[in-house]
Amino acid sequence: MLHKLTVHELHKKLKNREISAMELCRDVFKRIEAVESKVKAYLNLTEETALSAANAVDEKIKLGEEVSFLTGIPAAIKDNMCTKGVETTCASKILKNFVPVYSSTAVEKLFNEDIVMIGKTNMDEFAMGSSTENSAFGPTLNPWNLKTVPGGSSGGSAAAVAADETIFALGSDTGGSIRQPASLCGVVGMKPTYGLVSRYGLVAFASSLDQIGPITKDVTDCALVLNAICGKDPMDSTSLDAKIPNYTKALVSDVKGLKIGVPKEFMGEGIDPKVKRLTEDALELFEKMGAIIEEISLPHVGQALSAYYLIAPAEASSNLARFDGVRYGYRTKQKVEDMVDMYSKTRAEGFGNEVKRRIMLGTYALSTGYYEAYYGQAQKVRTLIINDFNKAFEKYDVLVSPTSPTVAFKLGEKFEDPLKMYMSDICTIPVNLAGIPGISIPCGLADGLPVGLQIMGKTLDETTILRAAYAFEQEFGFKEKPIL
Amino acid sequence: MAISKKEVEHVALLARLSLSEGEKEKFSKQLSQILEHAGKIAELNTEGVEPTSHALPIKNVFREDEEKTCLSQKEALSNAPAKEDGMIKIPKIV
């Protein structure tokens with residue numbers, strides 16, 4: 001039953017030689033064998049390399065070498081992060097069989113800590129979606145209720161953690177893609193400050209918004225993984241050269257005097273009453289613990305969804321231009337007349353519906369005559385949203401809201417209605433636009449499905465949101481697990 | 001804001017996507033819907049507001065122009081869908 005434990009619990013056992021990395025690895029694969037056919041969290045399992053990595057870890061431990069917190073810990077990686085020698089598809093037909101010749105920095109940093117990679121997780125194609133239904137290789141199912149979606153786009157990573165098919169996972173978050181699936185699967189997910197984690201080797205969706213982050217079973221694990229993956233990287237010029245604290249130092253169960261702002265825009269229309277009630281209960285608990293709660297307003301945040309669905313597709317349409325069937329990836333097998341014909345047929349066959357829709361939307365928003373009205377205006381609205389957050393953070397240490405407006409929805413429920421699907425991210429998108437950090441932690445169950453609480457912080461103030469999240473977790477004690 | 005089928009065809013060409021008739025119709029309808037919603041931001045007064053293209057105040061980033069090891073030809077070509085004699089092969093252009 002080792003697969004049920006957390007990173008910090010397993011670290012102790014490995015360090016004290018109560019268990020071996022090999023035992024742990026085998027235990028996780030046994031769990032995968034038992035439940036993966038129901039959950040479908042993985043696109044690719046790398047059992048052979050995992051076992052040999054675990055073996056190497058055990059040799060190191062035997063020799064008395066120093067053991068880091070992540071040494072020997074099984075991890076799952078979202079399939080939009082390049083892994084040298086291991087297929088990386090972004091859940092897209094256009095990248096099927098693509099085998100990177102280098103690893104992304106975040107993954108490399110985990111390898112440097114001697115993690116044991118279990119496999120690559122399912123996602124919405126190119127991270128575009130909120131349900132993992134947009135995967136070209138079939139959806140992942142929510143371990144809490146197999147008729148519902150796990151959220152997305154990092155749905156495979158969140159479901160794998162929730163189902164104990166890994167000890168932790170990495171996800172990526174452009175508009176909520178770590179926090180929303182973490183919320184729907186009852187686990188912890190953090191989107192760090194933009195630039196805290198290098199994006200090198202993360203297949204780009206919207207470069208000014210994308211950020212890699214941890215998906216874990218508890219807040220302590222979140223801090224441990226964040227410690228390992230953050231830092232300036234010469235390969236990503238947008239990564240931050242910031243002084244990085246030891247995030248585990250933030251794990252203090254004390255929120256006395258902490259000023260929490262609750263944006264009323266995140267508690268109104270569109271939020272399921274059950275989600276709202278659990279959020280209010282959570283705020284009450286914070287108050288009991290000594291925090292100061294006040295309602296605030298972020299007046300422009302209501303425009304965030306619109307701004308996002310112009311900015312993100314615009315950046316995507318430009319980023320995804322690289323998939324042309326020339327240097328890597330799929331190329332059409334049809335007869336072609338010229339290069340444009342080859343590009344157009346390759347892309348038509350290789351991309352799924354949602355990706356095409358967003359490329360079309362972005363290309364339109366950037367095209368002559370519409371640029372100022374759409375993209376230009378959206379960028380100005382982005383400034384207004386950033387100003388709203390800055391003003392709020394003059395007075396408050398953190399902001400709190402629901403992560404997702406609803407609990408996990410049924411498979412197919414929003415699939416044919418893009419606008420409805422896009423609404424899944426109304427509470428998470430503003431955080432990406434502002435570049436600030438946000439975390440989702442479980443705050444209860446509604447009708448047997450998890451509800452997530454979002455805590456947002458100032459730029460580079462992961463420490464305070466981790467402290468608030470940790471304090472809440474200790475006090476609330478969410479112990480429920482899905483039954484599979 | 002209605003996006004006509006003709007506009008969809010124009011944008012599809014710019015985006016290098018060959019669309020079926022069914023897709024053209026579907027995207028015409030869906031893009032119109034999405035833009036009708038997203039287009040609401042046009043009503044907002046943004047006079048004097050600077051646009052943000054990036055959440056961080058990053059300007060140009062420079063580094064020394066130093067020789068470094070890079071991918072080998074074999075590695076660089078390892079994922080190419082068609083290659084010949086150490087080069088990427090593409091359909092005839094002229």
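Summary table below
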{"read-out": "In region A:206-260, the residues that are out of contact with any strand residue (DSSP E or B) (no Cβ under 7 Å at 6 or more places or on another chain), within 14 Å of chain B (Cβ to nearest Cβ) and not hydroxyl-bearing (Ser, Thr, Tyr)", "value": "A:ALA206, A:LEU209, A:LYS232, A:ASP233, A:PRO234, A:MET235, A:ASP236, A:LEU240, A:ASP241, A:ALA242"}
{"read-out": "Residue check for A:THR166: surrounded by fewer than 24 Cβ atoms within 10 Å (Cβ to Cβ) and away from chain B (no Cβ under 14 Å)", "value": "no"}
{"read-out": "Any chance A:ALA34 is hydrophobic (A, V, I, L, M, F, W, C) and either crowded, with 18+ Cβ neighbours inside 10 Å or in contact with an Asp or Glu (Cβ under 7 Å, 6 or more places away or on another chain) (or both)", "value": "no"}
{"read-out": "Candidate set: region A:37-73, residues that are of a type in the set (Ser, Thr, Tyr) and in contact with a Gly (Cβ under 7 Å, 6 or more places away or on another chain); chosen: the one surrounded by the most Cβ atoms within 10 Å (Cβ to Cβ)", "value": "A:TYR42"}
{"read-out": "Residues within region A:54-92 that are at negative phi and of a type in the set (Gly, Ala, Ser), tallied", "value": "6"}
{"read-out": "Members of region A:272-293 that are in a loop (DSSP other than H, G, I, E, B), open to solvent by 20 Å² or more (accessible area, probe 1.4 Å) and either closer than 20 Å to A:GLY444 by Cα or of a type in the set (A, V, I, L, M, F, W, C) (or both)", "value": "A:ASP272, A:MET289"}
{"read-out": "Tally, over region A:418-469, of residues that are closer than 20 Å to A:VAL225 by Cβ, surrounded by fewer than 24 Cβ atoms within 10 Å (Cβ to Cβ) and more than 12 Å from every other protein chain (Cβ to nearest Cβ)", "value": "3"}
{"read-out": "Of all residues in region A:301-324 being over 15 Å from A:GLY362 (Cα atoms) and in contact (Cβ under 8 Å) with a residue 60 or more places away in the chain, the one that is farthest from the other protein chains (Cβ to nearest Cβ)", "value": "A:VAL301"}
{"read-out": "Verdict on A:ALA204 being closer than 21 Å to A:THR166 by Cα, at pLDDT 95 or above and not in a strand (DSSP E or B)", "value": "no"}
{"read-out": "Elements of type helices (runs of 4 or more DSSP H) in chain B, at least 2 residues being open to solvent by less than 70 Å² (accessible area, probe 1.4 Å) and β-branched (Val, Ile, Thr)", "value": "B:5-14"}
{"read-out": "Residue within region A:142-163 that is among the polar types (S, T, N, Q), within 19 Å of A:SER424 (Cα to Cα) and either open to solvent by 10 Å² or more (accessible area, probe 1.4 Å) or in contact with a Cys (Cβ under 8 Å, 6 or more places away or on another chain) (or both) present", "value": "yes"}
{"read-out": "Scan of region A:207-258 for residues that are assigned to a strand (DSSP E or B) and of a type outside the set (A, V, I, L, M), ordered by number", "value": "A:GLN211, A:GLY213, A:PRO214, A:THR216, A:CYS230, A:ASP233, A:ASP236"}
{"read-out": "A:GLY155 vs. criteria of a type outside the set (Lys, Arg) and in contact with a Gly (Cβ under 6 Å, 6 or more places away or on another chain)", "value": "no"}
{"read-out": "Residue match in region A:192-204 (condition: away from chain B (no Cβ under 14 Å), within 26 Å of A:ALA378 (Cβ to Cβ) and touching a strand residue (DSSP E or B) at 6+ places or on another chain (Cβ under 9 Å))", "value": "yes"}
{"read-out": "Hey, A:LEU384 in a helix (DSSP H, G or I) and either free of Cβ contacts under 8 Å to residues at least 24 places away in the same chain or surrounded by fewer than 24 Cβ atoms within 10 Å (Cβ to Cβ) (or both) or not", "value": "yes"}
{"read-out": "One residue from A:ARG347, A:ARG357 being in contact with a Leu (Cβ under 6 Å, 6 or more places away or on another chain), at the interface with chain B (Cβ under 7 Å from one of its Cβ atoms) and either over 29 Å from A:PHE98 (Cα atoms) or assigned to a helix (DSSP H, G or I) (or both)", "value": "A:ARG347"}
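Listed here are the residues, each with its yes/no results for (1) under 10 Å from the mean Cα position of the chain (by Cα); (2) over 24 Å from B:THR52 (Cβ atoms).
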site	(1), (2)
A:ALA158	yes, yes
A:ILE167	no, yes
A:ALA182	yes, yes
A:CYS185	no, yes
A:GLN211	yes, no
A:THR216	no, yes
A:ALA223	no, yes
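Residues checked against (1) hydrophobic (A, V, I, L, M, F, W, C); (2) within 10 Å of another protein chain (Cβ to nearest Cβ):
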{"residue": "B:GLU36", "(1), (2)": "no, yes"}
{"residue": "B:VAL49", "(1), (2)": "yes, yes"}
{"residue": "B:ALA55", "(1), (2)": "yes, yes"}
{"residue": "B:ILE58", "(1), (2)": "yes, yes"}
{"residue": "B:GLU66", "(1), (2)": "no, no"}
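The values are calculated or read from the model by the stated rules, or taken from the named source; none is laboratory data. Just so it is clear, the model here is predicted, and its values are computed rather than measured. Backbone-built Cβ (ideal geometry, glycine too); neighbour counts: all protein chains shown. What goes into the accessible areas is simple: the full protein's heavy atoms, side chains included, and nothing from ligands, DNA or RNA. Shrake-Rupley method; radii C 1.70, N 1.55, O 1.52, S 1.80 Å.
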